[in-house]
Amino acid sequence: MNVVRIQDVLLHYRLSGPAGAPALALVNSLGTDARIWDGLIAELADDYRILSYDKRGHGLSDAPAGDYSLDDHVNDLAGLLDHVGFERPALCGVSVGGLIGQGFALRAPQRLAALVLSNTAPKVGDAAMWNDRAHTVLNSGLAAIADPIMERWFSPQFRSTRPDQLALWRNLFLRADPKGYAATCATLRDADLTAQAGAIAVPTLVIAGAEDGATPPDLVRAGAARIPGARFEILPGTGHIPSIEQPKKLAALMRQFLKEAFHG
Ligand SMILES: O=C(O)CC1=CCC(=O)O1
C-alpha cells in the first residue's frame, strides 16, 4: 500500500501504468475514494502513468479535524505530485476534485500539461446547502442522506439496470468518515473560483453528464465558458461520476484530448 505524509496528513495513493509514460493524476469527489477511477484506469493504463489517491478525509487517507480549505486540498495534491515525481502531468478531477484541479491550475499552470474537469464548476452549491449537509451527516450519519445522494450520483438507467453495482457504491458512501465528509462540505461551501476561472491558462476539457443531478450540464457549461479556450462535451446517459458509469466513453474523450496535449 502506498502512503505519504503531506502537511502532516497521511495520504493513500496508487500508481498504475508504465513508468516513464505521460503522467495523469486523478482527484476524487465528495464521499468517494480512488476506486471511482478503476474503470478509467483500466482503459488508459497502457498509455499513461496514472496517480489516483484518496483525498484527505476520504478512503484510507487521514481525516484531520476541522474544516478543509481548497488550499489544504491543493497543497496535498502539490505535495503528492512532488512525491511521485510527476513534473508536468495532466490532471483530471471530478466534482470537488475538479475544484481542486482548478485551484491547482490557477496556482501552478506550469506544472500541468492539461486539465480535465469532470462534472464540476468554479462554484458548486451554496453555503446553506453545504452547512445543512455537514450538520445532517455529523448528527445523523451518512445513511441519513444516502438515497438522495445516489440519485445525484447516478443516472436513472444506472440505478434501475445495475442494482448490485449501485448497492456497492452505496456501501462505499456509507463507510466514508462523516468528519472528513463534513470537512469537505466546508471546502465546497467556501470555494468560489468564479472570478478567477478566466485566468486558467492550461488546455482544458470540461465534461458534463447529461443526467447529472449534482452539477447539471448547464452549470458545467457555464463554468467551461469562463475558461479561455476550454472544450466542452456532454456524455449522454451519464450522471455525476462518468468514471463509474461510462468509463469507456470518458476514456475515449480523454484519450483524444490528452494525445493533443502531450503530443501536439
Ligand atoms: O454529493 C453530491 O452532491 C455530489 C458532489 C458535489 C460535490 C462533490 O464532490 O460531489
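The values are calculated or read from the model by the stated rules, or taken from the named source; none is laboratory data. As the structure is a computational prediction, the values presented were derived from the model and not from experiment. We place every Cβ from the backbone using ideal geometry, glycine too, and count neighbours over all the protein chains shown. All accessible areas refer to the heavy atoms of the entire protein, side chains included, with ligands and DNA or RNA removed. Shrake-Rupley method; radii C 1.70, N 1.55, O 1.52, S 1.80 Å.
Laid out as a table, the results:
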{"read-out": "Rounded percent of accessible protein surface that carbon and sulfur make up, the range 78-226, 1.4 Å probe", "value": "52 percent"}
{"read-out": "Those lysines that a straight Cα-Cα span of less than 27 Å connects to Lys248, excepting residues fewer than 8 apart in one chain", "value": "Lys55, Lys259"}
{"read-out": "Reach of Lys123 by Cα under 14 Å, taken over aspartates and glutamates that are not fewer than 8 positions away in the same chain", "value": "Asp190, Asp192, Asp218"}
{"read-out": "Probe 1.4 Å, accessible area per residue of the range 15-69, Å²", "value": "32 Å²"}
{"read-out": "Asp190 paired with His83, simple spin-label distance in nm, labels 7 Å along Cα-to-beta-carbon", "value": "2.2 nm"}
{"read-out": "Proximal aspartates and glutamates to Lys249, defined as alpha-carbon separation beneath 12 angstrom and excluding residues fewer than eight positions away on the same chain", "value": "Glu43, Glu233"}
{"read-out": "Global geometry of the range 2-260, whether rounded, prolate or oblate, following the gyration tensor of its Cα atoms and the 1.5 cut on a/c", "value": "rounded"}
{"read-out": "Estimated inter-spin distance, Asp38 and Ile234, nm [label 7 Å along Cα→Cβ]", "value": "3.1 nm"}
{"read-out": "Stretchable slack from Arg175 to Asp132, in nm (0.36 nm times residue separation minus alpha-carbon distance)", "value": "13.5 nm"}
